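What follows draws every value from the coordinates through simple rules; no lab data is involved. Quick caveat: nothing in here was measured; it's all calculated off a predicted structure. Here the Cβ positions follow ideal geometry from the backbone for every residue, glycine too, while neighbour counts run over all protein chains shown.
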Amino acid sequence: MTQAGVLFIPGFMQPASAWGAVTRLLPDSIDPLLIGHAEHNLEGRLREISEAGEGRFLCGYSLGGRLALRAALREPDRYRGVVTVGATAGIDEPALRSARAEADERLAAWMEAAPIEDIVSVWERQPLFADQPEPLIEEQRAGRLEQDPLGLALLLRTAGQGVLEPVWHELVMFELPLLAIAGARDEGYAAAARRIADTAPHATAVIVEEAGHAPQLQRPEEVARLIAAWVSRSARP
């Protein structure tokens, strides 16, 4: 059986293993590769994706989804398609993007001087994750505690939503197949997923019920099913 390779890209403050709940449920027809990042800046991460993802589909969550989009827009002939989960193509209102950049800079400056335990504690209390049960938060904590505060600060300054230019206008001409997944309780990113589907010519949006910003963690069986079915259709010659 011919396998379709998929490179799984984690979100901010996540190890490669954060995708494990999904990849363990994938059929044998999919060859998953989980990337662990050594670089903590935009160009370094795009280079890592380029090296590991050649000939594969890209699948990224949150920050990882933004990086997957940019990698594929930069080198569309290198990849077979893109799946984003809880991601957007950028903030296109200049005032909102500027405000986000200022907030990210304040957070980055604090992270540089704070112990990782405090950083993780603040990160876990974000409203974005309010619908996640405590056992799920605890399950992710070990991977977050492995992160380097200086690396996190640098990543925010180079790949945060405030500093990245939006790429909505580039999606209009994006020829690769694209699947945008978001949780139904994550209203902002659900709207972004629908907008991606309305913008890119070969894009589809799927909204996962009973899930928030991390449907791949909250409903891994459903997300694995969606990815497997979409990759199978998109991989056909």
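Diffusion of the range 94-158 by Stokes-Einstein, at 10 °C in a medium of 1.306 mPa s and with Rh set to the Kirkwood radius over alpha-carbon pairs, works out to 124 µm²/s. Once you reduce the range 12-49 and the range 125-191 to the center of their Cα atoms, the two points are 14 Å from each other. To the nearest ten degrees, helix 134-145 and the longest principal axis of the Cα atoms of the chain are 80 degrees apart. Proximity of backbone amide H atoms, modeled 1.01 Å from N, is registered between Ile30 and Ala4 at under 5 Å, excluding neighbours fewer than 5 places apart on the same chain. A simple spin-label model places the labels of Glu187 and Glu105 3.1 nm from each other, with each point 7 Å out along Cα-to-Cβ. Amide hydrogen proximity for Ala180: with H placed 1.01 Å from N in the peptide plane, the residues at 5 or more positions away or on another chain lying under 5 Å are Thr84, Thr204, Ala205, Val206.
Each principal axis of the Cα atoms in the chain has its own extent, and those three values, largest first, are 52, 38, 33 angstrom.
To the nearest 10 degrees, how steep is helix 63-74 against the longest Cα principal axis of the chain, on a 0 to 90 scale? Orientation of helix 63-74: about 50 degrees from the principal axis.
Based on Cα contacts under 8 Å between residues 6+ apart, the chain shows a relative contact order of 23 percent. Phi angles of the range 214-224 translate, via the Karplus equation with coefficients 6.51, -1.76, 1.60 and θ = phi - 60°, into HN-Hα couplings of 10, x, 5, 9, 7, 9, x, 4, 5, 5, 4 Hz per residue; Gly and Pro are given as x.
Rounded, prolate or oblate for the range 139-237? Axes are the square roots of the Cα gyration tensor eigenvalues, ordered a ≥ b ≥ c, and the cut-off for rounded is a/c under 1.5. Cα axes put the range 139-237 in the oblate bin. Loop sites here are GluC sites (Glu not before Pro) outside DSSP states H, G, I, E and B with no more than 14 other Cβ atoms within 10 Å. The longest part of the chain free of them is 55-145.
The relative contact order of the range 94-158 comes to 57 percent, based on Cα pairs under 8 Å that sit 6 or more residues apart. Working note: 222 nm ellipticity from helices only, DSSP H runs with n ≥ 4, each -39,500 (n - 2.57), summed and divided by the residues of the chain, gives -14500 deg cm²/dmol to the nearest 500. To the nearest ten degrees, helix 187-199 and the longest principal axis of the Cα atoms of the chain are 40 degrees apart.
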